[in-house]
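The values are calculated or read from the model by the stated rules, or taken from the named source; none is laboratory data. Quick caveat, the model's predicted, so the values are computed rather than measured. Glycine also receives a Cβ, built like all others from the backbone with ideal geometry; neighbour counts cover every protein chain displayed. For accessibility, only protein heavy atoms count, side chains too; no ligands or nucleic acids. Shrake-Rupley method; radii C 1.70, N 1.55, O 1.52, S 1.80 Å.
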Amino acid sequence: MRRKTTWVRGSALLLLTAALGVVGWCVIFGVRAVLSTDVLEAFLAAYPGEAPLPEGTAEGIPAFVSWTHFLNAFFLVLIIRSGLRYRFEKRAGGLWTSRRVKKRRMSLALWTHIGVDLLWLANGIVFVVLLFASGHWVRVVPTTWEIVPNAISAGLQYVSLDWPTHHSWVNYNALQQLSYFAIVFLAAPVAALTGWRLSTFWPTTLNRFFPGSAAKALHWPTMLFFVAFVVVHVFLVLTTGALRNLDAMYAGRDSATWVGFWVFAASALAMVVGWFAVRRDDWISRLAKLFGDVRMMKR
Ligand code: HEM
Ligand code: HEM
């Protein structure tokens, strides 16, 4: 009996995969056929996929972007790991209590989460201030409505698997620009605001303006949005000229040498170490004791 159901399930899965393959194939070649018509060829020529930048925009990735981008990714790994730990641990490894406000008490996982959040926020504020001070903001914030047809154009090119060739050193394509704008100016503030609401640092006098249930309902999907962004972002970075993209972001140079790759590899190693460090209550408690009282729980 069991063998039969496994067999039926296996065939159903195979059929479904084949069906999805055929649908995918039809969509890709359907879009390709449409793109080769005169109308769409003219559309792609008028809107190649990247919106024009204001005149005089400087080329390049400034050093502050490289630094804050690395720190952002590093802190985000710790934030996600500690958030997940807080959500899924059955029993806290230790409890941290503020010396100033005795009611302020939390598990070491949540203490780690909120501690790294503060570092992440400080880094984000430095990034945004320098973004506007340096003029680099026009690369990340859309400045013309031409972003809309160009985003449609880039989207069609992605679906047709004939990806828009981009040169990140000079300009991002419209979908890249929109997604960078969304992660910096929408997702990050939503994560911070909902997180602050859920924390013991939120002033209760403001409760009626922002119910805790709304914050709880939003905080988790925001994390999922971050994870989805990072998966697609890193996939595209690695499949659209990895060495050139990594050289631009991690070494601040317009070339395709291995320097950027090795800097990136070192940063990835730091992230892996950070991922495992979030589980080490012995390390975390030492740090947490500097800011309050810690009581370790028996496992
Ligand atoms: C300033 C920024 C942030 C603050 C102050 C903050 C604060 C908090 C607090 C207080 C909780 C506990 C919620 C509860 O008691 O139910 C929490 C949970 C969590 N946070 Fe954050 N957070 C921030 C940013 C982020 C970011 C950027 C992510 C991920 C990208 C994230 C992921 C999570 C996850 C996965 C949980 C567990 C959610 C759950 O239990 O449903 N947080 N955060
Ligand atoms: C460790 C994994 C990551 C790698 C390898 C990576 C790589 C890159 C590269 C190469 C660029 C330049 C654009 C391009 O060539 O496509 C870039 C830009 C950018 N990335 Fe990432 N990234 C990573 C993680 C993240 C994370 C976690 C975020 C945010 C949650 C992020 C947000 C951005 C933003 C906003 C830009 C535009 C920066 C600007 O010009 O001001 N990246 N990234």
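Residue check: is R91 crowded, with 19+ Cβ neighbours inside 10 Å, over 13 Å from the mean Cα position of the chain (by Cα), basic (K, R) and farther than 23 Å from S168 by Cβ? When the stated conditions are applied, R91 does not pass them. For the stretch 194-208, the criterion of being within 16 Å of ligand 1 (Cβ to nearest atom), over 24 Å from V237 (Cα atoms), open to solvent by less than 60 Å² (accessible area, probe 1.4 Å) and in contact with a Ser or Thr (Cβ under 7 Å, 6 or more places away or on another chain) is met by at least one residue.
Here is a yes/no grid of residues against (1) open to solvent by 60 Å² or more (accessible area, probe 1.4 Å); (2) within 25 Å of L161 (Cα to Cα):
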residue	(1), (2)
L238	yes, yes
A248	no, yes
T257	no, no
F264	no, no
M271	no, no
F276	yes, no
D281	no, no
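Just one residue in the set A187, A248, A242 is free of Cβ contacts under 8 Å to residues at least 60 places away in the same chain, more than 25 Å from R105 (Cβ to Cβ) and over 17 Å from the mean Cα position of the chain (by Cα); that residue is A242. Identification of helices (runs of 4 or more DSSP H) wholly contained in the stretch 158-239 with 2 or more residues that are away from ligand 2 (no atom under 16 Å from the Cβ) yields 188-198, 212-239.
The residues on offer are R104, R100, and the sole one that is open to solvent by 30 Å² or more (accessible area, probe 1.4 Å), farther than 21 Å from V273 by Cα and in contact with a strand residue (DSSP E or B) (Cβ under 9 Å, 6 or more places away or on another chain) is R104. Selection of first residues in the stretch 1-30 that are part of a helix (DSSP H, G or I) and of second residues that are surrounded by 10 or more Cβ atoms within 10 Å (Cβ to Cβ), restricted to Cβ pairs under 6 Å at least 6 apart or on distinct chains, gives the following pairs, ordered by first then second residue: I28/L161.
Within the stretch 257-277, residues that are closer than 13 Å to L78 by Cα have Cβ atoms under 7 Å from residues that are open to solvent by 50 Å² or more (accessible area, probe 1.4 Å) and more than 16 Å from ligand 1 (Cβ to nearest atom) in these pairs: A277/W283, counting only partners at least 6 apart in sequence or on another chain.
Residues that are among the small types (G, A, S), touching a residue at least 60 places away in the same chain (Cβ under 8 Å) and open to solvent by 20 Å² or more (accessible area, probe 1.4 Å) were ranked within the stretch 128-157; the one that is nearest to ligand 2 (Cβ to nearest atom) is S134. Filtered by the rule that a residue be farther than 19 Å from F74 by Cα and open to solvent by 80 Å² or more (accessible area, probe 1.4 Å), the stretch 209-231 gives F209, S213, K216, L218, W220.
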